[in-house]
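Only one structure is covered here, and it is reproduced in the block below.
Where a number appears in this text, it was derived from the coordinates with a stated rule and is not lab data. None of these values were measured; they are calculated from a predicted model. All Cβ positions, even for glycine, are placed from backbone atoms using ideal geometry, and neighbour counts span all protein chains on display.
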Amino acid sequence: MTKGNLLYEGKAKSVFETSNPDELLVYFKDDATAGNGEKHGIIQGKGVMNNKISTFFFKQLKDRGIATHFIEAVSDREMLVKRLDMIKLEIVIRNIVAGSLVKRLGMAEGTPLSVPIIEYDYKSDELGDPMFNRWHIMALNLATINEMNAIEHISLSVNTIMRSILKAKNVDLIDFKLEFGRAKNGEILLADEISPDNCRFWDSETQEKLDKDRFRHDLGGVEEAYQEILNRLTL
């Protein structure tokens, strides 16, 4: 595998072509953003930790029958993945009321939901990643009904698996975001990353936040929270 040209520069990751046209190299950065990019900072070592945490989850999901873009971690900060036709949606799965859901539902943070909630956000920095429903998605031809059914089925399965894994580590999965893409044969595969950048992790006993909310809300101890999640999962 030879690292090629920069294909995409994101807020938290850079994506490079490789000598294999069907594979890409993802580089995890220490950059952190919040509020649709309005807040920016550096979380020391975040790229290394997110690469290792994502690798852990992708391997666990693969062992349980979830197909993903993950091939292997090739360095502390780099992951080799399958090249996909990415679907311009973020799928948000919510188990417990937190973040924007507090205001939208008028419920206290930390309130358990009777069933998980699935939401779609359209990936558009220009528009501020607006929330979509299935009709918006169909109108913009972002995904078919069958693809959305597959995405929701996989998302709920991932939720069940991750909650079980994390509960054994004394961590509650509050909510998280997933991204998906199409393989060459049209199969929907889980992509992107699974880390404290796009998941809310709370300590099951103390409710201490162990994710990027510590950066968003200037709570301090950001690097320590990421390291704590990595330690609980891998040590």
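A few points about this structure:
- The helix-based estimate of mean residue ellipticity at 222 nm for the chain, built from -39,500 (n - 2.57) per DSSP H run of four or more residues and divided by its residue count, is -9000 deg cm²/dmol to the nearest 500.
- Inter-label distance for E152 and R182, nm, one decimal - labels placed 7 Å from Cα along Cα-to-Cβ: 2.0 nm
- For the chain, fraction of C-alpha pairs farther apart than 21 Å, in %: 57 percent
- Listed cross-link partners K46/K184; K59/K103; K13/K62; K39/K62 are compared with a 30 Å cut-off, the Cα-Cα value being larger for K46/K184; K59/K103; K39/K62.
- Table column - 3J(HN,Hα) (Hz), the stretch 125-133, Karplus curve with 6.51, -1.76, 1.60, x for Gly and Pro: 4, 4, 9, x, 6, x, 6, 10, 10
- For q = 0.14, 0.15, 0.18 Å⁻¹, Debye-computed log10 I/I(0) when each Cα of the stretch 72-199 counts as one equal scatterer: -0.70, -0.80, -1.12
- Taking packing as the residue-averaged number of other Cβ atoms within 10 angstrom, the listed peptides 212-225, 1-14 run from highest to lowest as 212-225, 1-14.
- Spatial offset of the stretch 1-50 relative to the stretch 145-185 amounts to 22 Å, using the alpha carbon center of each.
- Residues whose amide H falls under 5 Å from that of I194, counting only those 5 or more places apart or on a different chain, are S54, with hydrogens built in the peptide plane.
- Here the 3J(HN,Hα) profile of the stretch 141-153, calculated from phi with Karplus coefficients 6.51, -1.76 and 1.60 at θ = phi - 60°, is 6, 7, 7, 8, 4, 4, 5, 5, 4, 5, 4, 5, 4 Hz, Gly and Pro shown as x.
- Counting beta carbons within 10 Å around each of T160, T33 and listing the fewest first gives the order T160, T33.
- Percent of Cα pairs in the stretch 3-82 per distance bin of 5 Å, from zero to the largest separation: 3, 15, 23, 22, 19, 13, 5, 1.
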